[in-house]
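The values are calculated or read from the model by the stated rules, or taken from the named source; none is laboratory data. The structure presented is a predicted model; accordingly, all values stated were derived computationally and were not measured. No Cβ is skipped: glycine too gets one built from the backbone with ideal geometry, and neighbour counts run over all protein chains shown. The area values use the complete protein model at the heavy-atom level, side chains included, leaving out ligands, DNA and RNA. Shrake-Rupley method; radii C 1.70, N 1.55, O 1.52, S 1.80 Å.
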Amino acid sequence: MLILYLNNVSIMDPEGIVIRIKTPAGDMDSSVDSPSLLNFNDLLVAIRDVMPEATVTAFEYEDEVGDRITVRSDEELKAMLSYYFNTMNEQRMNGLMPDPLQIFPRAGKTPGIRNIHGLKVNTRPNPANDCTHAVQDTLASNSLKKSSAELKRILTNGQINAQDIHYQEQLGHGNGGTVYRAYHIIGKRVLAVKVIPLDITVELQKQIMSELEILYKCDSPYIITFFSAFFVENRISICTEFMDGGSLDVYKRIPEHVLGRIAVAVVNGLTYLWSLKILHRDVKPSNMLVNTRGQVKLCDFGVSTQLVNSIAKTYVGTNAYMAPERISGEQYGIHADVWSVGISFMELALGMFPYPQPLQLLQCIVDEDPPVLPVSQFSEKFVHFITQCMRRQPKERPAPNNLMDHSFIIQYNDGNAEVVSMWVCRCLEERRAQQAQGRV
Ligand code: ATP
Ligand code: MG
């Protein structure tokens, strides 16, 4: 049963959490004994109790880079708690006392002002229905963007050093590198750190570092946030934002309505990179990351030619997601990334790689007609999207603008992160349950 004490509790119940409501009059700590039973309305009632004069319809919390995330439903509350539990565990594992969960009530206007012109205003906190909210949101998000840009700038001034990082579990191993979940003690933030051994000269190390500079400028919600990179002996460590849902390659068949929202983010991310004249060059499910907040972000794009070349020297293998023109050694451009989008989404929809493996895999990609999604199982728009992306002739594939304007992308470009969030949370729960039963 949920118990909310609103009388300035300062000691945390070991089983529960402390929620700190940030009000204009000061902080109000509330102890929640069973956070898993907490629902959005209970919390809203608690906030209204401490701010009776305001019309609070939503609240916000801060993520690891200081961006404010709005909570207005049970699902969004779940995502917030999941984020907070991770942060709390990290702090505990590092011997720190967990910080309370800080929330910032978002006050609407008072009822008197709202009706001052006798207008009928929808009071639901949906920016699409409320112009004032929309304007306030834009102003708020502009100033937040500024502060998170500032934060990033500070971080690049060497604030993430090797000695401030606690390496935790290994998240995965790819061609050339190993990715760890790590904790940045000073920034109190979870990181993903990719460590790549490279036996190269100091000159080449410097070249890589300068080529990675552009990553500091990447600022898109569809691209993984880059914090820092440094060499220690013959290893480069690349520190980025940690995504608690991991990469898409470990998810089984993904339903089309979820995949549609993921595709919107991937196309947006690529369009952003292309606008900076960056080709991704390694689009594939393991380089598409998701989190419990429903965000989808691209990682591992090839900004440093020297880094790509140095890794390639130690790496023997094939990239099955490469476009036919790349496999044949021809010149390639944006359209090669578009092919990789097509084959990746076909795999995610089918739950299996669409070419026979491993037999002469690359040659069949060059020689044979590309595979087509079965029309009986998927919508016409989706089948068309994949078919267009996987045209053998690069010029016949959609260019960036045509990709954004494709009916499949338009259909799912509704900003509904909840669909992905719910699906990620459910899959993670299932995975945890299976692990607990010892089946995985
Ligand atoms: P390749 O080396 O060919 O790109 P890969 O993408 O599978 O293959 P890595 O890039 O080394 O290999 O990543 C290994 C795994 O680490 C990924 O599959 C993913 O599950 C996990 N991972 C990578 N980056 C992050 C991140 N930022 N947050 C959470 N998990 C991550
Ligand atoms: Mg990768």
Check the stretch 151-174 and report whether any residue there is open to solvent by less than 90 Å² (accessible area, probe 1.4 Å), modelled with pLDDT under 50, in a helix (DSSP H, G or I) and within 30 Å of ASN416 (Cβ to Cβ).
yes
Looking at ASP369 and the list (1) assigned to a helix (DSSP H, G or I); (2) open to solvent by 90 Å² or more (accessible area, probe 1.4 Å), which single condition is not satisfied?
(1)
If you take the residues of the stretch 251-265 that are open to solvent by less than 40 Å² (accessible area, probe 1.4 Å) and part of a loop (DSSP other than H, G, I, E, B), which of them is modelled with the highest pLDDT?
ILE254
Among residues of the stretch 392-405, those that are touching a residue at least 24 places away in the same chain (Cβ under 8 Å) and surrounded by 12 or more Cβ atoms within 10 Å (Cβ to Cβ), counted
8
Return yes or no: is GLN437 open to solvent by 80 Å² or more (accessible area, probe 1.4 Å), free of Cβ contacts under 8 Å to residues at least 12 places away in the same chain and under 23 Å from GLY329 (Cα atoms)?
no
Inside the stretch 268-293, can you point out the residues that are small (Gly, Ala, Ser) and within 10 Å of ligand 2 (Cβ to nearest atom)?
SER286
Report, by residue number, each residue of the stretch 284-296 that is of a type in the set (D, E, K, R) and near ligand 1 (Cβ under 8 Å from one of its atoms).
LYS284
Count, please, the residues in the stretch 346-384 that happen to be in contact with a Phe, Trp or Tyr (Cβ under 8 Å, 6 or more places away or on another chain) and closer than 17 Å to ARG253 by Cβ.
7
State all residues of the stretch 297-307 that are within 11 Å of ligand 1 (Cβ to nearest atom) and out of contact with any Pro (no Cβ under 9 Å at 6 or more places or on another chain); if no residue qualifies, say none.
LEU298, CYS299, ASP300, PHE301, GLY302
Could you tell me which numbered condition LEU248 fails, if it satisfies all but one of (1) among the aliphatic types (A, V, I, L, M); (2) more than 16 Å from ligand 2 (Cβ to nearest atom); (3) open to solvent by less than 20 Å² (accessible area, probe 1.4 Å)?
(2)
Is it fair to say VAL424 is under 22 Å from SER247 (Cβ atoms), in a helix (DSSP H, G or I), modelled with pLDDT of 95 or more and open to solvent by less than 50 Å² (accessible area, probe 1.4 Å)?
yes
Does ILE113 satisfy being surrounded by fewer than 16 Cβ atoms within 10 Å (Cβ to Cβ) and either at pLDDT 80 or above or not in a loop (DSSP other than H, G, I, E, B) (or both)?
yes
Set GLY351, GLY329, GLY415: member being within 30 Å of GLU75 (Cβ to Cβ), surrounded by fewer than 21 Cβ atoms within 10 Å (Cβ to Cβ), small (Gly, Ala, Ser) and free of Cβ contacts under 8 Å to residues at least 12 places away in the same chain:
GLY415
Considering the stretch 175-194 alone, what residues qualify as being near ligand 1 (Cβ under 9 Å from one of its atoms) and more than 20 Å from the chain's Cα centre (by Cα)?
ASN175, GLY176, GLY177
Which of the numbered conditions does ALA229 fail, given that it passes all the others? Conditions: (1) within 16 Å of ligand 2 (Cβ to nearest atom); (2) closer than 28 Å to ASN161 by Cβ; (3) within 16 Å of the chain's Cα centre (by Cα); (4) without any contact (Cβ under 8 Å) to a residue 60 or more places away in the chain.
(3)
Are there any pairs with C-beta distances below 6 angstrom linking a residue in the stretch 167-194 that is within 16 Å of LEU307 (Cα to Cα) to a residue that is near ligand 1 (Cβ under 7 Å from one of its atoms) and among the β-branched types (Val, Ile, Thr), with the two at least 6 apart or on different chains, and if so which?
LYS194/VAL179
